[in-house]
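Right, one structure below, let's go through it.
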Amino acid sequence: MIRAAMTATATVKGAGRRRLDWGRAVFYVLLTALAAFMALPLIFMVNQAFKPAEELFLFPPRFFVRNPTLKNFHDLLMSADTMLVPFSRYVFNSLLVTVSTVLLTVISASLAAYAVAKHRAPGSGWLFTLVVSALMFAPHVTQIPRYMIVNSLGLVDTYWALILPALASPYALFLMKQFIEPLPDALLEAAKVDGASEWRIFWQVVMPMARPAWATLTILTFITTWNDFFTPLIFTQSEVMKTLPLALITIYGGPGQVARYGASQAATFLMTVPTIALFILMQRRVIQTMAYSGIKS
Amino acid sequence: MGQVRGGLAVGARPWVAPLQELARLRAQVRRHRVAYFFMAPFVAVFFLLTLAPVLVATYLSFTYFNLLQPPTWIGWSNYRALLLDDDIFLIGVRNTLFFAFIYGPVSFMASFTLAWLINQLRRLRAFYTLAMYAPSIVSSIAISVIWLYFLAGDRYGLINYLLMRVGILEEPFLWLRDPRTTMPSIVVVALWMSLGNQFLVFLAGLQNVDPQLYEAAAIDGVRNRLQELWYVTIPVMKPQFLFASVNAVVASFSVFDIAVALAGLPSHLYAGHTIVTHLYDYAFIRFEMGYAAAIAVILFLLTFATGRLAFRLFSTGGAY
């Protein structure tokens, strides 16, 4: 059946296709050039992590590594040994905080967004207006009142202080609402007629349809939380509660530090690996194409 | 609802109408109790940890508050000082506007164009997506180390090195210290970094477009890709456009991380000074929280006004 659809579209568009081939080639070349340019610093970062010291401080500077070495990673783990806490503790903290934040954010924002977009209960319009307005307030100043509230709840220097404030992300609600709103009401009605509870409708109808949205939200929240420097800086006190970005600053050791330059490059590389891995995993959910690629092109 | 209004117009007993209204509201609340249950976790945290801090910060903007002593009410003087006496703030406003007017529209349009182009691809779609999205994945602290190397003002800087080798430059140029190139450099790096978020939202939005719409459009006489884009894709993607544009507005007015990472705080001749760096300076270096809060409120008004524009452009006429 799919093949039939494909041949059908092929005959419809067949006339134009041959002419387009040249344009398509140019298009691919341009896109590849742009992709290469965009990825350049990332490639450079990977190369830096594996450069031996003499290549890191070479003049003229060299983009690609010539004699790759693992010494920087070794230095990183050794230098972490001289710190108060083993490097693995930072990794654990970062993973725990990031994974819980992502899960709770996606669930709480999706639930609320579904209620706002599809139920239109009294007050939900107001809530949305408030949420969007809060989005536009510079977050730096609100950190002080927020700190006072978190402090009076007795949560400073706990994992909750790092996870909880991120949950009510206006950004997350806004994103989910924008994707859930256009979903056809008829489908939800049909599920209701079939006797499905709201809870089931949410998990078995709304969430599967909004998959590109929550996959996107997962990626965005993961990256923001994983790379967040400001929140742990404010809400943690003890060394055992710190996350990777804070540890990274310690490893960099401020401007002019030469000794750990290689180690810092290795740390940068290690910090980037999980986000890229997650992106590659989730990417399929953002860009699911198989279903109708035959019809579309 | 119409019937209730009708009852109100008769108005025989004036206290009946409000009571009816109240009963109606109660019935509605009860009917939607599942919805409230769904909203509860988000709303609880939102009110406690987002909305309350915003309100407290707004109150603080009318006070003198140094974190040690309790805030003292001083009325409008923070705002007066900010708008009339603080020249550096005005430099920050100018720089922020420069940044916002280039960064906002360019990143918005570039993200959409790229997402649209990549969505047309049949092969290697995942590869191109990763390549385009890669810059947003990396921590801005981590990546600024690399950009600082690219833009370094001595002959070791990669850009200086290349330009000198080709012969465009005679001697190293101080990209991040010369007032003429500081903000443009920040714009370029920012653009490179944050094509990502909106790009991803647009990609997801393009996936949400019902393919049957394209078939219907083809029957209705839509001939080429550009017509498809104009008559089908763009109207259907309004919710994503609204999200991305509000997002772009907020991001472009609150430029901070990159500006500080590249140009320093304070930057040379305040060439890289923005509203949020000014805010950060007063909040976390001088500990004048009241003044910093006033800066945040002005920034909010600026962002909100621009955000309304985005709503007017892309709103689907929903709840907002």
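Can you tell which of B:Gln212, B:Gln20, B:Gln198 shows the greatest fluctuation in a Gaussian network model of chain B with Cα springs below 10 Å?
So, out of B:Gln212, B:Gln20, B:Gln198, the one fluctuating most is B:Gln20.
So for B:Met193, B:Met132, what's the accessible-area order with a 1.4 Å probe, most first?
Most to least solvent-accessible, the answer reads B:Met193, B:Met132.
Sorted by accessible area (1.4 Å probe), largest first, how do A:Trp226, A:Trp126, B:Trp116 line up?
A:Trp126, B:Trp116, A:Trp226
Using a 1.4 Å probe on the protein heavy atoms only, what accessible surface does B:Val166 show? Give it in Å² to the nearest 10.
For B:Val166, the solvent-accessible surface is approximately 110 Å².
Please list log₁₀ I(q)/I(0) at q = 0.05, 0.06, 0.12 Å⁻¹ for the protein assembly as shown, using the Debye equation with identical point scatterers on the alpha-carbon positions.
-0.25, -0.37, -1.40
Quote the accessible area belonging to B:Trp15 in square angstrom, nearest 10, computed with a 1.4 Å probe and with ligands, DNA and RNA left uncounted.
150 Å²
Compute for chains B and A the buried accessible surface, both sides summed, probe 1.4 Å, and express it in Å² to the nearest 100.
Details: alone 20340 and 18710 Å², together 29670 Å².
So the buried area, both faces added, is about 9400 Å².
Would you please classify the overall shape of the stretch B:86-314 from the alpha carbon gyration tensor, given that a ≥ b ≥ c denote the square roots of the eigenvalues, rounded means a/c under 1.5, and beyond that prolate means a/b larger than b/c while oblate covers the rest? Can you show the working numbers first?
Numbers: a/c = 2.69, a/b = 1.48, b/c = 1.82.
Cα axes put the stretch B:86-314 in the oblate bin.
Quick check: Cα centre of the stretch A:83-137 to Cα centre of the stretch B:186-252, how many Å?
First find each Cα centre; the distance between them is then 24 Å.
For chain B, set up a GNM with springs between Cα atoms under 10 Å and report which of B:Ala110, B:Ala52, B:Ala248 has the largest fluctuation.
It is B:Ala52.
Which residue fluctuates the most in chain B, going by a Gaussian network model with Cα springs under 10 Å, if the choices are B:Ile275, B:Ile143, B:Ile219?
Largest GNM mean-square fluctuation: B:Ile219.
Sorted by accessible area with a 1.4 angstrom probe, largest first, how do B:Arg24, B:Arg308, B:Arg123 fall?
Working: B:Arg24 70, B:Arg308 100, B:Arg123 175 Å².
Result, largest first: B:Arg123, B:Arg308, B:Arg24.
When the Cα centres of the stretch A:155-209 and the stretch B:31-101 are compared, how far apart do they sit, in Å?
The stretch A:155-209 and the stretch B:31-101 have Cα centres separated by 28 Å.
Highest mean first, how do B:288-295, A:163-170, A:204-211 rank when packing is the count of other Cβ atoms within 10 Å averaged over residues?
B:288-295, A:163-170, A:204-211
May I ask you to give the solvent-accessible area per residue for chain B, in square angstrom, as obtained with a 1.4 angstrom probe?
Using a 1.4 Å probe on heavy atoms only, each residue of chain B averages 49 Å².
The values are calculated or read from the model by the stated rules, or taken from the named source; none is laboratory data. Source: prediction; values computed, not measured. Quick reminder, even Gly has a Cβ in these numbers, built from the backbone with ideal geometry, and neighbours come from all protein chains shown. The protein model used for the area step is the full one, side chains on, heavy atoms only, and it has no ligands, DNA or RNA in it. Shrake-Rupley method; radii C 1.70, N 1.55, O 1.52, S 1.80 Å.
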